[in-house]
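The structure appears right after this line, and notes come after that.
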Amino acid sequence: MSRSFPTLARAGRVPAVPARAMGGFTLIELMLVVIVMAILAGIAYPSYVEQTRKSKRGQVKADLVEYAQLAERFHTTQNTYEGFTLPGGGNSVSSPREGGTAAYSVGFVGTQSTFTLTATAQGNQAKDKCGDLGINQANVKTSGGTLSECW
C-alpha cells in the first residue's frame, strides 16, 4: 500500500477509508440529474400530448368517412338520408368506439337529399388545433383549423 493509514489499520483492525472513496452521490450530482430530467420532461410531455390528440383526430376522421359511406349505402336503397342512424341506433356516437375516454361526439343530421356528419371535440381534445371536424354528402370536409393540416 502506498498510503499510510492510522494506527487502527496497523493494529489489524479495519483500515480507515479516505472520505472520497466511500461511493455514492453528492447532493450537487443528484440535483443536476433532477434538473436534466425536469428539462427533458418539459420538452417530451407537450409533444406526447400533441401526438395523442393527432391520433384521436385520425381515428375520428376514419369514423366520419365510414359513417358517410354507410349513409350513402342507406341512400342507395332508401333514396333518402332521413331515417339513417349511426351504429348503435342513434344520431350520435362517441369516438373512439373501442372504449376509453371519448375524444369526439359524432352527430348525424340528414334530410331527403343531404346529410352532415359532425365530430365535436370533447375534453382535452377540444384544445386540438383542428377543433371540430365535419363531412357532408358531397364529401366536402370542414374543420376548425387549416383544412390541409386537419384532413
In terms of modelled amide H atoms, which long-range or inter-chain residues lie less than 5 Å from the amide H of PHE115? GLN137
Could you identify which residue out of PHE108, PHE74, PHE25 has the top mean-square fluctuation in a GNM of the chain using Cα springs shorter than 10 Å? PHE25
With a Cα-only, solvent-free Debye model of the chain, what are the log10 I(q)/I(0) values at q = 0.16 Å⁻¹? -0.89
Taking Cα atoms, how many degrees apart are the long axis of helix 27-78 and the longest axis of the chain, rounded to 10 and kept between 0 and 90? 20 degrees
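With only Lys, Arg, Asp and Glu charged, each at its Cβ (+1 for the first two, -1 for the last two), find how big the charge dipole of the range 24-150 is about the Cα centre; round to the nearest 20 debye. Numbers along the way, then the final one.
Values: 10 positive and 10 negative charges, 14 e Å.
With Lys and Arg at +1 and Asp and Glu at -1, about 60 debye.
Bear in mind these aren't lab numbers, they're just calculated from the coordinates by the rules spelled out. All values reported here derive from a predicted model rather than from experimental measurement. Please note: Cβ atoms are built from the backbone with ideal geometry, for glycine as well, and neighbour counts cover all protein chains shown.
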